[in-house]
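Q: Next up is a structure, given as structure tokens.
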Amino acid sequence: MSATPASTAIPPVLAEVVRSGFVEGHHRGSLVVLAADGSVELALGDPSVPVFPRSSNKPMQAAAVLRAGLDLSGERLALAAASHSGEGFHLDLVRTMLGEYSLEAGDLQTPPDLPLDPAEAETYLAAGHVRDRVTMNCSGKHAAMLAACALNDWDLASYLAPSHPLQQLVHEVVESASGERVTAVGTDGCGAPLMAISLTGLARAFRHFVLAEPDSAERRVADAMRAHPEYVAGTRRPDTWLMRELPGTLSKMGAEAVQAVALADGRALAFKVDDGATRALGPVLARALELLGVDAPVVTRIGHTPLLGGGTQVGEIRAAF
């Protein structure tokens, strides 16, 4: 597979690092904002260039398991679209979902890992636990994928192969939701196939999910995520805060500093910070939401990213657009 050529233009600064009043660094990237009618309202950088959305693709992967016939709803469906924090209620439900389809933790092909949330990781290690497949933040998605395979009598050992029937369904959902062709297929951090689309396509996909017909796979996923945001992320995560405090909002971050959001009326945004620095996600997301006209305390909370010196705040990461 040949590499997709990147844009040669230098992307704009989306966030700057300010310490003691001195700008010591910059985070560049691309961003797109869609109006309620789906038209592009703002484009920074080149949001037409394909990117790997990483875990921002998870709603589309969850829709694929529904299209495969798996009857998930509520917390289970939210967990199927999750990058969970590894809190106890996440791990308990992953194990329950596996048991409901006569599956075992050993069937998961997630790499053994610690809880994604630092506080949960400390507690987990203090209790004497070691890295585990269930603890990896994508284990809910993988449990749902395995369950769909078990339901259809598809091969379990190869469920992550791009040619597998389930992954072909994922490919179809990504293309139909984004309105564009997948330009590259890679391997995500969890081992699952990863489909590249543009940031504009990603924003369009999230818009499609919130506006889809209520009985469609896409809308069922969006509704489950919005009703149970703590299962999508965790109790200390911005995606959870945003979906809980702004009713009707669908939000999902991805590794390498990718973020996609759609509001209930179809306004949407997607961006990627080129250097992959997740510390820039909050400030950039907050500013993009402000440009969408969102005025709520949760936006300020998400945008607050302090820099410390000697244990005291001496600066911040702030949006630069």
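Q: Filter the range 198-227 for residues that are farther than 19 Å from Gly248 by Cβ and touching a Lys or Arg at 6+ places or on another chain (Cβ under 8 Å) and give the result.
A: Leu199
Q: Out of the range 276-301, which residues are open to solvent by 10 Å² or more (accessible area, probe 1.4 Å) and part of a helix (DSSP H, G or I)?
A: Thr278, Arg279, Leu281, Gly282, Arg287, Glu290, Leu291, Pro297, Thr300, Arg301 - these are the residues of the range 276-301 that are open to solvent by 10 Å² or more (accessible area, probe 1.4 Å) and part of a helix (DSSP H, G or I).
Q: Ok, one more. Can you tell me which of (1) surrounded by fewer than 22 Cβ atoms within 10 Å (Cβ to Cβ); (2) touching a residue at least 12 places away in the same chain (Cβ under 8 Å); (3) aliphatic (A, V, I, L, M); (4) touching a strand residue (DSSP E or B) at 6+ places or on another chain (Cβ under 6 Å) is the one Val23 doesn't meet?
A: Here Val23 meets the rest and fails (2).
Q: Could I ask something else about it? Are there any pairs with C-beta distances below 6 angstrom linking a residue in the range 8-20 that is under 17 Å from Val51 (Cα atoms) to a residue that is polar (S, T, N, Q) and open to solvent by less than 40 Å² (accessible area, probe 1.4 Å), with the two at least 6 apart or on different chains, and if so which?
A: Listed pairs, sorted by first residue: Pro11/Ser30.
Q: Sort out which residues of the range 90-116 are farther than 20 Å from Met253 by Cβ, touching a residue at least 40 places away in the same chain (Cβ under 8 Å), open to solvent by 50 Å² or more (accessible area, probe 1.4 Å) and under 23 Å from the mean Cα position of the chain (by Cα), and write them in order of number.
A: Within the range 90-116, just Gln109 meets the criteria.
Q: Here's something else I'd like to know. Those residues that are over 16 Å from the mean Cα position of the chain (by Cα), surrounded by fewer than 17 Cβ atoms within 10 Å (Cβ to Cβ) and assigned to a loop (DSSP other than H, G, I, E, B), I need them from the range 157-203; list them, please.
A: Those that are over 16 Å from the mean Cα position of the chain (by Cα), surrounded by fewer than 17 Cβ atoms within 10 Å (Cβ to Cβ) and assigned to a loop (DSSP other than H, G, I, E, B): Ala157, Ser158, Ala161, Pro162, Ser163, Gly179, Arg181, Thr183, Ala184.
Q: Report, ordered by the first and then the second residue, all pairs with beta carbons closer than 9 Å, sequence separation of six or more or different chains, a first member in the range 299-321 that is over 13 Å from Gly282 (Cβ atoms), and a second member that is of a type outside the set (Gly, Ala, Ser) and outside any strand (DSSP E or B).
A: Ala320/Pro12; Ala320/Pro283; Ala320/Val284; Ala320/Arg287; Phe321/Pro12; Phe321/Val284; Phe321/Arg287; Phe321/Leu291
The values are calculated or read from the model by the stated rules, or taken from the named source; none is laboratory data. As the structure is a computational prediction, the values presented were derived from the model and not from experiment. FYI the Cβ positions are ideal-geometry reconstructions off the backbone, even for glycines, and counts take in every protein chain you see. Accessible surface areas use protein heavy atoms only, side chains included; no ligands, DNA or RNA. Shrake-Rupley method; radii C 1.70, N 1.55, O 1.52, S 1.80 Å.
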